[in-house]
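One structure is given below, encoded as structure tokens.
The values are calculated or read from the model by the stated rules, or taken from the named source; none is laboratory data. Just so we're clear, the structure is a prediction, and the values are computed from it rather than from any experiment. No Cβ is skipped: glycine too gets one built from the backbone with ideal geometry, and neighbour counts run over all protein chains shown. Calculation scope for accessible area: heavy atoms of the full protein, side chains included, ligands and nucleic acids excluded. Shrake-Rupley method; radii C 1.70, N 1.55, O 1.52, S 1.80 Å.
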Amino acid sequence: MVHAIQAQEVARAGYPVLCDLLVQFTRAFPVDDESGDPLTSVVALALETLQYHLRGPDAEAVRDYIRDSVSLDTLFGFLAADDDEVVRAACLLIETFASPMDATSLLESEEMMRVGLAHPNGAVRALVVRMLKRLAPADWSADLAAAVLAAVQHASVPVYDAYLSLLLDAPLATALLAPAAAHSVLTEKLLKDRVHQFRGLEILARALRLSATLSTTLRAPETLAALFTRVQSNPLDYAVYCETLAAQLAPESPLPGTPAPLVAALDAAEVPAAILKRTRAEQDAEAGTSVLLAYASAAPTGPCTTAILDLAAESVEGAASDQVLALTTLRGLARPPLADAIAAHPRLGGVLADTVRRLGTIATPVRSGVLQLVAALAPHSRAFLAAVWPGEPDADGAAQAWLAAAVAAASHVDDGVKEAGMAGMLALASTEWGRRALLRDDRVAYLLDRDRAASVDVKRAKYAVVERLAQHAAGEGVDPALVRQLTQFVRQGPYYMPRTAGVQIFDESV
């Protein structure tokens, strides 16, 4: 009887009929009357049509009917079909059906979940991992944790991204990786797989950031050292190794926690020292410099940090390309401890100060890099500003000198230098002492000047600075008349131009 059903009838069927059909389809797919071939398109259409009902106004009634007459396990059965169209439609239906289900309901189908995690189709594995995001740490069994990690060992990027989205806090990271079966998959399979070893490294690094206790469980120092030994002979592998570590050490990581456990594991494995030695020998120096400076930012008092800042000083004194790389990387790692470490470093602070002395004559990209670095780090540390801006008696004098350089840079013909000058002015407006420097009469006159010849970028930058000043001025004892001027400027917008009166003379003899 099933083989007589036409696609048009399926498309018009109500959800009770569709549920009955799906139960029949689990026993035998509909077939073509003439060829005997399975009508997989009819099955896919039935799944898609039922999903539309689930998204309609009777969604709750439809979901209850599916739960009573079909069940989640039955829907999972369609994922075994040897047809991509059916599998895709089944994935969409399952995800829609299971969206409001709690962990208890999902775990009733744990066996089917594990089967789905081993499915050859990446869309199925990604679907199951996304569904498992609803589980609390206590809901994870050791077998399920191992199965979800093993699902990463395939080419599918969505599966890997879905797994990373599970590693959001320490309890979940522990539940996912502490079981012996799970950390065996990580250390014995992923990290020893030539294709997927860097996925394993990123998972390990993220786990350490979230939970220091996992360092011992996962034998992190030994694992990091062993992987470093394997990647050294291949420049591409080495570059990815360094890039992966740098991303997890960097301050802008969206993850909670701290990079301290990862730093400790790297120190125990002597990886930073080995990378430093390799970088000094000019072997893959660009990759090494990035991860070393990330390490210095995460561990300003670490055992290798002084030597790393020595290397940074050498780079800033070197070729223009090396200077730009070092300055850009330091800027990207801006955080208060690093600013203080640079200020206290006997060599790097002096090298940067010497570069600032030659600001008007150095190569344009380097000039931009120095100004951007100062804009990133100086708000965190007045000691840093005083150290790198020479010839001034104190930090207030250095702030005035920096502001003068930023104003000059904002009008430079090169876009990179101009952007750096604007960043400097905005950085100054972000600190109380910087605002004092900006609120001098001559600086205020510059900022409030509606220069018709100024570029759009300069107008926007000046407006952002004035807006920042106006936000704080009233609470910092600024003269009320000046507060009104700043507020009016902000209210008028960045592109306002005052009208000028003109006189037109007519010659009546014409």
Taking R0 as 56 Å and r as the Cβ-Cβ distance between THR301 and ASP84, the FRET efficiency 1/(1 + (r/R0)^6), rounded to the nearest 0.05, comes to 0.50
Using only the Cα atoms of the chain, construct the convex hull and provide its projected area averaged over every direction, in square nanometres to one decimal.
39.5 nm²
Can you give me the C-alpha center-to-center distance between segment 449-488 and segment 85-130, rounded to a whole angstrom?
55 Å
For helix 122-132, report the angle its Cα long axis makes with the longest principal axis of the Cα atoms of the chain; keep it between 0 and 90° and round to the nearest 10°.
80 degrees
Using only alpha carbon pairs under 8 Å that are at least six residues apart, calculate the relative contact order of the chain and give it in whole percent.
6 percent
Hz values of 3J(HN,Hα) by residue in segment 463-480 - Karplus curve (6.51, -1.76, 1.60), Gly and Pro given as x
4, 4, 5, 5, 4, 5, 5, 5, 5, 10, 4, 4, x, 10, x, 6, 3, x
So, for segment 375-483, what is the accessible surface per residue at a probe of 1.4 Å, expressed in square angstrom?
43 Å²
Going from the alpha-carbon gyration tensor of segment 349-412, what semi-axes, largest first and in whole Å, does one get by taking the root of 5 times each eigenvalue?
17, 12, 11
Considering only protein heavy atoms and a probe of 1.4 Å, how much of the accessible area of the chain is carbon and sulfur, as a whole percent?
53 percent
Which residues' amide hydrogens lie under 5 Å from the amide hydrogen of ILE362, considering only partners 5 or more residues apart or on another chain, with H built in the peptide plane?
none
I'd like the orientation of helix 285-298 relative to the chain: the angle between its Cα long axis and the longest Cα principal axis, in ° from 0 to 90, rounded to 10.
80 degrees
Per residue of segment 309-318, what does 6.51 cos²θ - 1.76 cosθ + 1.60 with θ = phi - 60° give for ³J(HN,Hα)? Whole Hz please, x for Gly and Pro, Karplus curve as stated.
5, 4, 5, 4, 4, 4, 5, 5, 8, x
Treating the angle as unsigned and between 0 and 90°, give the value, to the nearest 10°, between the Cα long axis of helix 395-410 and the longest Cα principal axis of the chain.
70 degrees
Can you give the accessible area per residue of segment 179-322, in Å², using a 1.4 Å probe?
40 Å²
In deg cm²/dmol, rounded to 500, what helix-only [θ] at 222 nm does the chain give when every DSSP H run of at least 4 residues adds -39500 (n - 2.57) and the total is split over its residues?
-20000 deg cm²/dmol
Rounded to whole Å, give me the distance from the Cα center of segment 288-360 to that of segment 178-238.
29 Å
Two pseudo-spin positions, 7 Å from Cα along C-beta at ALA408 and at ALA363, lie apart in nanometres by 2.1 nm
Between ASP449 and GLN471, what FRET efficiency comes out of the Förster formula 1/(1 + (r/R0)^6) with R0 = 30 Å and r the beta carbon distance, rounded to 0.05?
0.90
Cα-based reach from LYS418 at 19 Å (exclusive), listing lysines while leaving out same-chain residues under 8 positions away:
LYS459, LYS462
